[in-house]
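Data block below; observations after.
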Amino acid sequence: MTGIIGRRGMLAGAGMVFLGACSKVAETSAGSHLLKSASGWNKAIHRSLADRKALAREYSKADISPFFRGNGSLSGGTAAYDAAVENKFADWRLEVRGMVNRPLSLNMEDIRELPQRSQITRHDCVEGWSAIGEWTGPRLSGILDMAGVQQDGRFVVFRCADTLNGQEYYESVDMVDAYHPQTIVAHALNGEPLPVINGAPLRMRIERQLGYKHAKYLTAIEVVDSLENIAGGEGGYWEDRSGYQWYAGM
Ligand SMILES: Nc1nc2c(c(=O)[nH]1)N[C@H]1C(S)=C(S)[C@@H](COP(=O)(O)O)O[C@H]1N2
Ligand SMILES: [Mo]
């Protein structure tokens, strides 16, 4: 297991420096855009693999924030989403697709029946607030292994139900973060099903990175070899829109 993670991590790292750099140059000549993107890619690869795999700090129950605020979208925002809430997400599906050998369509029961991990962590939003909560769900690594990631798969894209300012929210990570032991598909916050404001019924927890990476209202997990042709090509909603760094490691 560790061997596979290590190999993947290094493959992803090596791929990023060259693919990333070339594609960015081809994409635009705007200097600031180039610099911004390059620093994002570089930050991920210049950190040692050991550092990338280190665990985020975990807290005790006494540290849990009395209220975990919602930020960004506070609902899936469509009639279909409201109906799903009403229906207690009985028909919600999480698709696992792209460069996998066995595409999956998991319902909430499937998700809850997988081996579970609970972790009490601090969420840090770039807007300047933090909150501590206990998140529960299966590890993304287990789901990816069930689907069988193909050799050329380098990134995992998270698709969301909500649209913010006319753009579908999405996020992505490389295989180092995808296989990080604290990267989970959370269905519970503080022992209760996820509140709607916090991304019900499923949201990512990417504990070594800033808040905007933690995609809420998760509908699909997509394995890809490049982020270039997805939306604005920068790997996430805020990365495309405001130049937030793709690698938002802490
Ligand atoms: N689908 C989706 N995911 C999202 C967002 C969003 O607007 N839509 N906002 C992001 C931001 S900026 C933060 S800080 C966290 C907020 O999580 P919370 O609402 O549980 O506090 O979700 C992230 N994930
Ligand atoms: Mo955020």
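Read-outs: derived from the displayed coordinates by stated rules, not from any lab. Source: prediction; values computed, not measured. A quick note on method: Cβ atoms are made from the backbone with ideal geometry, for glycine too, and the neighbour counts reach across all protein chains shown.
As a footprinting exposure proxy, order 73, 105 by other Cβ within 10 Å, with the fewest listed first. Numbers along the way, then the final one.
On the way: 73 19, 105 11.
Fewest-to-most Cβ neighbours within 10 Å comes out as 105, 73.
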Original post:
Rounded, prolate or oblate: which fits the stretch 74-212 when a ≥ b ≥ c are the square roots of the eigenvalues of the alpha-carbon gyration tensor, with rounded for a/c under 1.5 and prolate only if a/b beats b/c?
Top reply: rounded
**OP:** Subtract the Cα-Cα distance of residue 67 and residue 110 from 0.36 nm times their separation in residues, and report this length gain in nm to one decimal.
**Re:** 12.6 nm
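What does the extension gain come out to for residue 74 and residue 57, with contour length at 0.36 nm per residue minus their alpha carbon separation?
Working: separation 17, 0.36 × 17 = 6.12 nm, distance 2.66 nm.
Working it through step by step, the gained length comes to 3.5 nm.
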Original post:
Given a Förster radius of 35 Å and the C-beta distance between residue 129 and residue 85 as r, what FRET efficiency does 1/(1 + (r/R0)^6) yield to the nearest 0.05?
Top reply: 0.90
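Given a Förster radius of 35 Å and the C-beta distance between residue 192 and residue 165 as r, what FRET efficiency does 1/(1 + (r/R0)^6) yield to the nearest 0.05? Walk me through the intermediate numbers first.
Values: r = 30 Å, r/R0 = 0.85.
Approximately 0.70, to the nearest 0.05.
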